[in-house]
Amino acid sequence: MSAPSLWSSDWVCGVHGPVLPRQPSKRPGPEGLAAAVHDARVPVWVPWPLPLGWLVTGFVTVGDDRSGARAAAVAVSGPGLLSGPADMVVIAEEPGIGLGAHYAGLEGSDPGEVFDGSPPHVKLDVSGPAATCGHSVSMWAVAAEPDRAAYVGEAMGNWLWTVLWPAEAGVLMLEQQNLLDLREPGMDLDLPFGAHCPRLDL
């Protein structure tokens, strides 16, 4: 990928043409959180309350100073329900960005033909910029890489993805999950932070 130059103000990918850049992952902590929400044009979702023993383990955004963050990902990590540690990355993005598809291991930028009229596999409860506007979001399983599970739906006009490692950690989605938008005014959660999640740098 080539950076903006005298000849173009765009980041340019040799395959996809002008694109928005993925920024380096931000470390878990108040500074990383502040950086993630500062220019976010999309929700910055976090599961809340977190599953027992889980911690917030990093942030990623896509965009630049001109565009603002058009995609935002939050990683959380903890014990899996079946065995060993697990990671989950929750992504909100505008259509065409491709961050969720990237983490799911899919070709292209959007989820493809997953909404075929079949009933959703799971539902999440989400709360947007006003705490009173919570609602349920339908999510469908996506044919992701075999080492992970991925689900996608639509919330507040943006794609909503959850990608979990290992694939068996997908059973977490069967439990009732509630997502909060960390951009919400007055949001003052006592987030527990853990070690940086290496999945964010895939």
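Overview of values
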| item | result |
| --- | --- |
| Condition met for Glu31 (assigned to a loop (DSSP other than H, G, I, E, B) and either touching a residue at least 40 places away in the same chain (Cβ under 8 Å) or out of contact with any Leu (no Cβ under 9 Å at 6 or more places or on another chain) (or both)) | no |
| Residue check, Leu191 open to solvent by less than 20 Å² (accessible area, probe 1.4 Å) and either assigned to a loop (DSSP other than H, G, I, E, B) or touching a Cys at 6+ places or on another chain (Cβ under 8 Å) (or both) | yes |
| Qualifying residues in region 19-58 (those that are more than 22 Å from Arg70 (Cβ to Cβ) and aliphatic (A, V, I, L, M)) - the one modelled with the highest pLDDT | Leu55 |
| Output for region 142-177, where each listed residue is surrounded by fewer than 16 Cβ atoms within 10 Å (Cβ to Cβ) and part of a strand (DSSP E or B) | Glu154 |
| Where Ile97 falls short, out of the listed (1) modelled with pLDDT of 95 or more; (2) outside any strand (DSSP E or B) | (1) |
| Neighbours by Cβ (under 7 Å, 6+ apart or cross-chain): first from region 175-197, more than 9 Å from Leu55 (Cβ to Cβ); second open to solvent by 80 Å² or more (accessible area, probe 1.4 Å) | His196/Arg27 |
| Those residues of region 157-176 which are under 26 Å from Glu31 (Cα atoms) and either of a type outside the set (Phe, Trp, Tyr) or within 12 Å of the chain's Cα centre (by Cα) (or both), in sequence order | Asn158, Trp159, Leu160, Trp161, Thr162, Val163, Leu164 |
| Cβ-Cβ under 7 Å pairs, at least 6 apart or on other chains, region 51-76 side closer than 20 Å to Asn178 by Cα, far side of a type in the set (Asp, Glu) | Ala71/Glu93; Ala71/Glu94; Ala75/Asp87 |
| In region 133-174, residue nearest to Gly53 (Cα to Cα) [restricted to those that are polar (S, T, N, Q) and in contact (Cβ under 8 Å) with a residue 24 or more places away in the chain] | Thr162 |
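The values are calculated or read from the model by the stated rules, or taken from the named source; none is laboratory data. It should be emphasised that the depicted structure is a prediction, and the values quoted were computed from it without experimental measurement. Reconstructed Cβ throughout: ideal geometry from the backbone, glycine too, with neighbour counts over all protein chains shown. SASA here: full protein model, heavy atoms, side chains in, ligands and nucleic acids out. Shrake-Rupley method; radii C 1.70, N 1.55, O 1.52, S 1.80 Å.
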